[in-house]
Amino acid sequence: MSSVEALFLIQLLSKVQDKSSFSCGVEALDRYLKQQASQDIKRHLAQVFVVVPKERPQTIAGFYTLSATSMQAVSMPEELARKFPRYPLPAALIGCLAVAEYFQSQGLGKILLADALKRIVAVRQSIGMFAAIVEAKDEKAKQFYIKFGFTSFHDQPLRLFLPLETVQRAE
């Protein structure tokens, strides 16, 4: 465990956390957390995980969402696509991942991504799942995911995937 990880907890979003003060610098992500996240949880459309400082559990330092999705093999690079059937492949979606501006550049994005992938791999033990998918909000976010082995879909450059076999081999 890194010294940064020792200072934070990752848990499900609850009423204890103050969503109103969260700001990551990307309006769509701020708005999602403040206005939509609780509704998605109630409707079982997504789970929202937050990272909070141990000393201030009401402060949201970052968050990510997980939900089920599917992907088409034809959207993957051709050399990989031809190994898979033409019907939709099961996947997990990390729909949002954001770190509050005050906490940026401390490695929390990497910690959130690793936590999400760990949870996805654990679920894979119970249900079939080929990949983790992320939706980068911009080119900077896309480059973040590429550093961790994600590959863009050829028809949606800001939507990326990571085969879960890759994650499991790295553990």
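Table: residues versus (1) surrounded by 14 or more Cβ atoms within 10 Å (Cβ to Cβ); (2) assigned to a helix (DSSP H, G or I).
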position	(1), (2)
Glu79	no, yes
Leu93	yes, no
Gln106	yes, no
Leu112	yes, yes
Ala122	no, yes
Lys140	no, yes
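Scanning segment 64-74 for residues that are at pLDDT below 90 and loosely packed, with under 15 Cβ neighbours inside 10 Å, which turns out farthest from Ala114 (Cα to Cα)? That would be Val74. Within 19 Å of Arg124 (Cα to Cα), touching a helix residue (DSSP H, G or I) at 6+ places or on another chain (Cβ under 9 Å) and either touching a residue at least 24 places away in the same chain (Cβ under 8 Å) or of a type outside the set (Phe, Trp, Tyr) (or both), is that true of Ser38? Taking the combined requirement at face value, the residue does not satisfy it. The residues of segment 158-171 include none that are at pLDDT 90 or above and surrounded by fewer than 13 Cβ atoms within 10 Å (Cβ to Cβ). Scanning segment 142-161 for residues being without any contact (Cβ under 8 Å) to a residue 40 or more places away in the chain and either out of contact with any strand residue (DSSP E or B) (no Cβ under 7 Å at 6 or more places or on another chain) or not basic (Lys, Arg) (or both) gives a total of 12. Suppose we filter segment 35-56 for residues that are exposed (fewer than 15 other Cβ atoms within 10 Å of the Cβ) and out of contact with any strand residue (DSSP E or B) (no Cβ under 7 Å at 6 or more places or on another chain); how many remain? Summing the residues that are exposed (fewer than 15 other Cβ atoms within 10 Å of the Cβ) and out of contact with any strand residue (DSSP E or B) (no Cβ under 7 Å at 6 or more places or on another chain) in segment 35-56 gives 7. Among residues that are assigned to a loop (DSSP other than H, G, I, E, B) and among the basic types (Lys, Arg), Lys34 is not included. Confirm whether Ala61 is surrounded by 13 or more Cβ atoms within 10 Å (Cβ to Cβ) and under 12 Å from the mean Cα position of the chain (by Cα). It is false that Ala61 is surrounded by 13 or more Cβ atoms within 10 Å (Cβ to Cβ) and under 12 Å from the mean Cα position of the chain (by Cα).
For segment 124-138, filtering for residues that are in contact (Cβ under 8 Å) with a residue 60 or more places away in the chain and either among the polar types (S, T, N, Q) or not in a loop (DSSP other than H, G, I, E, B) (or both) leaves 2.
The values are calculated or read from the model by the stated rules, or taken from the named source; none is laboratory data. Keep in mind that this is a model prediction, so the values were computed, not measured. Reconstructed Cβ throughout: ideal geometry from the backbone, glycine too, with neighbour counts over all protein chains shown.
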